Amino acid sequence: MSRHLIPFNRPELEGRELFFIAQSVLSRSMSGSGTFNGRVRQVLRERLGAGEPFLTPSCTSALEMAAVLCDLSPGDEVILPSFTFVSTANAFLLRGARPVFVDVRPDTLNMDEKLLPAAATPRTRVVAPVHYAGVSCDMDAISAFARPRGIRVVEDAAQAVGSTWRGRACGTLGDLGAFSFHETKVFTCGEGGALSVNDPAVAARAEVVAEKGTDRTRFFRGEVDKYTWRELGSSYLMADICAAFLLGQLERWDEILARRRSIYAGFRERLAALERTGKARLPIVPEHAITNAHLFFLLVGGPDERARLIAHAEARRIQLCSHYVPLHLSPQGRKFGQGPGDLPVTEDVSQRLVRVPLYNSMTEADVALVCDTILGFYGHG
Ligand SMILES: *Cc1c(COP(=O)(O)O)cnc(C)c1O
């Protein structure tokens with residue numbers, strides 16, 4: 001049992017997950033080539049509306065697979081935000097590439113596209129935007145930077161399953177897009193991910209890379225009579241019992257997004273007073289972006305105030321969380337030459353950001369309790 005009345009996250013059964021797991025087990029086909037893999041990929045094809053989706057063991061592995069498909073060599077550079085999860089950086093480091101961290105925009109906390117030209121060098125091969133909190137980056141500006149320079153765009157859409165930019169699905173707007181189905185994300189199977197591949201020629205390679213670098217998938221389709229090692233690869237497949245669970249979640253796509261968006265709207269409405277009195281800032285969603293309501297946060301006055309607010313909520317058994325120690329300030333990130341003072345917006349917001357609980361089964365009373373607790377801390381209401 002959780003010691004929290006309202007934990008930060010609570011993964012939920014949404015429908016037929018356990019029934020599908022039983023079907024997967026009874027089908028005697030539980031590997032990555034099982035039927036639920038096919039069914040989930042079909043749902044994703046329809047929901048994303050572009051690109052070819054591949055299921056992976058995690059978003060981390062989807063990013064690693066993307067890095068393999070980008071054919072990076074040691075010394076190649078990848079531009080990414082410092083305000084992100086470590087996997088965005090590790091995936092490229094594993095290929096010998098060097099991360100170049102850029103600052104985020106003060107409004108969306110997404111990669112600041114205006115900083116890209118100055119961050120680019122002749123070795124820049126990839127730009128990796130992260131759709132923070134499920135709010136899309138300015139993909140028009142990022143594409144306009146990358147395309148003419150022959151730089152690949154790898155979207156870290158871990159938090160953005162169901163989010164859109166100008167009506168198009170996040171994760172399908174660049175060359176490659178990685179999604180997460182971790183238990184803290186909008187749709188889950190515990191641990192899981194997907195990689196969306198736009199170019200059909202790269203999708204043909206993705207099938208090989210994901211099967212340990214072999215053409216085993218073609219063998220299963222009867223297109224070759226034995227399978228062989230074709231190129232560098234790894235095992236980037238999702239077990240079918242995980243895909244079965246995930247299908248149970250994805251079947252509830254519209255309901256889950258509608259519920260989360262209504263919870264998100266509840267937070268915005270109830271906490272608006274803090275913005276009016278200048279106590280805290282709420283998320284900003286730009287004109288062309290529609291969020292999946294992955295997470296809701298406040299930017300408060302400073303690190304001490306944040307620690308006191310988190311403790312105030314904790315004492316009332318409500319779990320609030322900070323987010324992201326900037327990568328360029330971490331022991332591993334410091335090795336690439338950037339340090340304190342280099343990315344001022346990232347360094348500022350990472351000390352002031354507080355995430356509130358947001359999960360599918362939250363009731364209006366839960367939202368009210370969280371908000372009243374926060375408002376109480378600020379002497380409101
Ligand atoms: C959750 C997350 C990941 C990692 O996802 P996993 O499925 O746990 O590997 C990567 N990047 C971002 C931005 C995330 O939020």
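Please treat every number below as a calculation from the coordinates, not as lab data. Since we're looking at a predicted model, the values are computed, not measured. All Cβ positions, even for glycine, are placed from backbone atoms using ideal geometry, and neighbour counts span all protein chains on display.
The table for this structure:
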| read-out | value |
| --- | --- |
| Region 129-222: Cα Rg divided by the 2.2 N^0.38 Å rule of thumb | 1.19 |
| Those Cys residues of the chain for which no other cysteine Cβ falls under 4.7 Å | 59, 70, 137, 170, 321, 371 |
| Three semi-axes of the equivalent ellipsoid, region 1-127, Cα gyration tensor, whole Å, largest first | 35, 22, 14 |
| Per-pair calculated FRET efficiency, R0 = 35 Å: residue 166 and residue 35 via Cβ, rounded to 0.05 | 0.50 |
| Phi-based couplings in Hz for region 116-133 (Karplus 6.51, -1.76, 1.60; Gly and Pro marked x) | 5, x, 6, 7, 7, 9, x, 8, 5, 10, 9, 10, 10, x, 10, 7, 5, 6 |
| Net length gained if the chain between residue 42 and residue 342 were fully extended (0.36 nm per residue, minus Cα distance) | 103.6 nm |
| Rough spin-label spacing in nm, given labels placed 7 Å along Cα→Cβ, for residue 314 and residue 225 | 6.7 |
| Max mean-square fluctuation residue, GNM over the chain, Cα-Cα springs under 10 Å, options 153, 345, 356 | 345 |
| Highest average packing first - 312-318, 141-147, Cβ atoms within 10 Å | 141-147, 312-318 |
| Gain in span if fully extended, residue 114 to residue 282, counting 0.36 nm per residue against the direct Cα distance | 58.2 nm |
| Protection proxy ranking of 243-252, 273-282, 293-302 - average other beta-carbon atoms within 10 Å, highest first | 243-252, 293-302, 273-282 |
| Proximal charge balance of residue 192 [Cβ under 11 Å; K/R count +1, D/E count -1] | -1 |
| Distance (nanometres) between label positions extended 7 Å along Cα→Cβ at residue 184 and residue 269 | 2.9 |
| Convex hull of region 253-377 built on C-alpha atoms - directionally averaged projected area, nm² | 9.5 |
| Two-decimal log10 I(q)/I(0) for the chain, as the Debye equation yields it once each C-alpha is a single scatterer, q = 0.09, 0.11, 0.12 Å⁻¹ | -0.53, -0.79, -0.93 |
| Cα centre as origin, Lys/Arg/Asp/Glu Cβ charges: the chain dipole, Debye | 260 |
| At R0 = 41 Å, FRET efficiency that the Cβ-Cβ distance of residue 307 and residue 121 yields, to 0.05 | 0.55 |
| Span-like helix ranges in the chain, DSSP H, alpha carbon extent 27 angstrom or more, Kyte mean at least -1.0 | 253-276 |
| Computed helical MRE - 222 nm, the chain, DSSP H runs ≥ 4 contributing -39500 (n - 2.57), nearest 500 | -11500 deg cm²/dmol |
| Proximal charge balance of residue 295 [Cβ under 12 Å; K/R count +1, D/E count -1] | +3 |
| Packing-based order for 54-60, 222-228, 370-376, using average beta carbon neighbours within 10 Å, highest first | 54-60, 370-376, 222-228 |
